[in-house]
1. Can we say ALA87 is open to solvent by less than 40 Å² (accessible area, probe 1.4 Å), over 20 Å from the mean Cα position of the chain (by Cα) and not β-branched (Val, Ile, Thr)?
2. When you scan the stretch 522-530, do you find a residue that is within 23 Å of PRO320 (Cβ to Cβ) and over 23 Å from the mean Cα position of the chain (by Cα), even just one?
3. In the stretch 1-44, how many are open to solvent by 50 Å² or more (accessible area, probe 1.4 Å), in contact with a helix residue (DSSP H, G or I) (Cβ under 7 Å, 6 or more places away or on another chain) and modelled with pLDDT under 80?
4. Given the criteria outside any helix (DSSP H, G or I), touching a helix residue (DSSP H, G or I) at 6+ places or on another chain (Cβ under 9 Å) and not polar (S, T, N, Q), does ILE129 qualify?
5. Does LEU536 count as surrounded by fewer than 20 Cβ atoms within 10 Å (Cβ to Cβ), assigned to a helix (DSSP H, G or I), modelled with pLDDT under 85 and not β-branched (Val, Ile, Thr)?
6. For the stretch 614-638, how many residues meet the condition of being at pLDDT 85 or above and not in a helix (DSSP H, G or I)?
7. Could you please tell me which pairs satisfy a Cβ distance under 8 Å, a separation of 6+ or placement on different chains, a first residue in the stretch 117-145 that is within 30 Å of HIS524 (Cβ to Cβ) and modelled with pLDDT under 90, and a second residue that is loosely packed, with under 15 Cβ neighbours inside 10 Å and β-branched (Val, Ile, Thr)?
8. Counting just the residues of the stretch 305-315 that are surrounded by 12 or more Cβ atoms within 10 Å (Cβ to Cβ) and within 31 Å of the chain's Cα centre (by Cα), which one comes out modelled with the lowest pLDDT?
Amino acid sequence: MGEIIKNFLHICYQAIQLNNRPIPYLKAFIAGLAAALPVLVGLMLGNFHNGLIASLGGFAFLYVFRMPYLHRAKKIILVVIGLSICAFLGSLFAIYPIVVAILMALIAVLMVFTFGALNIVGPSAIFMILVLAMTSAMPETDISGALERSALIMAGGLLSLFFALMGWFVNPNKPERETLLELYLQLNQLLSLVGTHEFKQSHSMFIQYLNESNNVLQASYTKWSQTRQFKKMFYLNKRANRIWLILGEDFLDCTAPLPIEIIEAFDEVHKAIRCSCKVTLNIQAQGLLGQRLIEQLFRIESILNQDQLPDIKLMPLQVPVLKVLIQSFNHHSIAFIAASRFGLITLISALMAYSFEFPRSFWVPLSTVSVLSGVTVVATLHRSIQRAFGTVLGVLIATALLYFSPNEYLIILYIFFFCMMCEIFIVKNYCLTALFFTPSALIVAVASNGMMDSAIYFAEIRIIDVLIGTFIGLVGIFLINRDAASKRLEYSMAELLRSQSKLTYALFNSSNLSEKKLTKTYFHPMKIRWNNLTILHQTALGEIPKPNHVLQKNWELLYELKQLSYLLERVTFSRKKQILSDRELSDLLLIYEQLSNAIELNLSLKEIKSPHLSQFPLLEIQLNRVQQAYKQDTGYSN
C-alpha cells in the first residue's frame, strides 16, 4: 500500500513539473490574434455572435509545429476543412444526441488513427470534437444555418492559415534551417564524447536527429525549385550523415578523445551555418583515424563557401500517405489499436453523458478526450491530474470575470489573452494550459449562447462534467487493452527483421531493380514497420505497470535494430552498389531469419559472421552487433 501511494505521489509530482523548453512568445501572440481577431471583425461588422463562431477556426493555428511551409499549408488546410465539417455536423445533428455521440467517436477514431499512423505532431482529435460539441450545444438551426456556421469557422481557419504561413515571406526555409542547426549542434556534442563511455549510446541516439533532418529536407524537396540555400542545407545534411557513418566505422571502440583542433573546427562550422556566412578552416591531418573527419570538414567548408552547387536528384524515400494508412490498418498496428480504444472510450463517455442528460453534456466526453490524448498510460495519468486541477482553477477565473458582465471588447481581450497564454504554457505543462484554456472555452461557450447571467451555473456544471469525464477516461485506459504495446513488441521486432531481410536481398543481389521497384516493394514496407516499432516502444515505456520483463529483455536489441534500419535506409539512398555471391547472400539472409525466429519463439542464437561488405563496413559491423545485443539481452549464448 505504501508503495502504491509513493508511486501516485511521484506521478503527481511529475504532472506539475515544468520542462526546460523555450517559450514561443511570437507564436503565442499570433495564436491569440488568430482567436481574437475574428471576434473583433464580427463586432465591427455588427454581428458579435458570428465573430465568436468564426473564432473557433482559430484552433487551426494550434496545429502549427515546426515543419516545411508546404507541408504546414497542407496540414492546416486539412485541419480547417475538418473543423468546418465538424461544425456543420454538430449544428445539423444537435437535436439527435445519440448521433452526436457516435460522430464524436468516429471523429476520434479517424483523427487518432491518422495522426498515429503518419506520426504527425499535434493535438489530434480534441479540437475537432470541441468544435462538434460546442456547435451541437448552440441554438438549433436548419441546414442553411449549419452551412453558415461551417463557413464562418472556415473563414476563421483561413486567417489561421495566413498566420501560419506568414513567415514564408521573410524566410521560406526557416524550418529546415532550424532543423539543420539542431543537427549540427547535436553532432558537435557527439564528437566531444568520442573516447568516453557515453559515446556508443549517444551515437545510437543521434539517429533521431538524422531522421528528423532527413525527413524535413525530403519533405521540402522539389525538382523544379531548388534555391541556393536549400542546396546548401541538403549537402550539409548529407555530410552530417556521412560523418555519423565514419564515427561508427572508426571510433566506436576508440578510447582516446578527438584532437581539440577537430572539435574546434566543427564549432566553427556550426557558427558559420548559424550566421549563414563563409568559413575558413585551418587544420592539419591528425593521423589515420582523424584524416577521414578532416576530409569531411574540408568538404563542408567547400559547401559553405560555394555560391553555385549542383542540382539535387533525390530518391523518393518517403512512404506515400495512403500506403502508410492501409498498412497500419491491422490489429498489430499500435495506431489502429490506440484509435479503436480512443473511439470506444469516447463513445461510452458521450453516451453516458447524453443518456443521463447531464446539463451541457458535451463537457463530459470532451474531458475524456482531453485525458485520452496522453500518448501513454503514464501520460494519461498526468493529463488527468493536470486537467482536473487546471480546469477547476480555470473555471474559478472565468466565473470571476463573467460575474461582472464584461462588454464585447473585454471578452475579445480575454479571448486573446487566454489563447496566448495557452500557447505559451503548452510547452511547459498541460496543467497551466488547462488553467488558461478553460476560461477561454467557457467564455466563448457562454457568450455564444447569450447566457452571461448564467455564468456561475455553467461554471459549476463544467467542474462536475470535467471530473466525470476525467474519471471515465482513466477507467477506460486502465481496463481496455492497456498492455497492447508490450504484448506486440517482440512480434513487431521479428516483422521488422523480415522486412529488412527482403530489402537486404534486393540491395545486394545481382538483379538490377529500378528505383521505383526498390522503394515501393522493399524499402517502404521496412520503413512502415520501423515506424510502428518506434511508436510501440514509446508506448510500452509508459505502460502501468511498466513491462520491465519485456523492455529489459529487449532494451539493447531495440536500439540496435533501429540503427540497422537507418543504415539500410542509407544503403538504399547511396549510389554505391555491392553484389554478393549466392553463398554470401545466403549467409546474410540467414542472420535475419535466425534472429527473427529467435525473438518470436524465444530461442537461443548461434552467431553467424556477416559477409564482408567492403562498400558498407558499418552495416557489416551492425549486423554482428544486433546478434550480440540479442544474446546480451536474453542471456543466450552459443
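1. yes
2. Among the residues of the stretch 522-530, at least one is within 23 Å of PRO320 (Cβ to Cβ) and over 23 Å from the mean Cα position of the chain (by Cα), which makes the answer yes.
3. Total meeting the criteria: 3.
4. So ILE129 fails the test.
5. Judged against the criteria, LEU536 is not a match.
6. The total comes to 3.
7. From residues that are within 30 Å of HIS524 (Cβ to Cβ) and modelled with pLDDT under 90, the pairs are LEU118/VAL321.
8. Selected residue: MET315.
The values are calculated or read from the model by the stated rules, or taken from the named source; none is laboratory data. Quantities reported herein were computed from a predicted structural model and do not represent experimental measurements. Backbone-built Cβ (ideal geometry, glycine too); neighbour counts: all protein chains shown. Please note that ligands, DNA and RNA were not included when accessible areas were found on the heavy atoms of the full protein model with its side chains. Shrake-Rupley method; radii C 1.70, N 1.55, O 1.52, S 1.80 Å.
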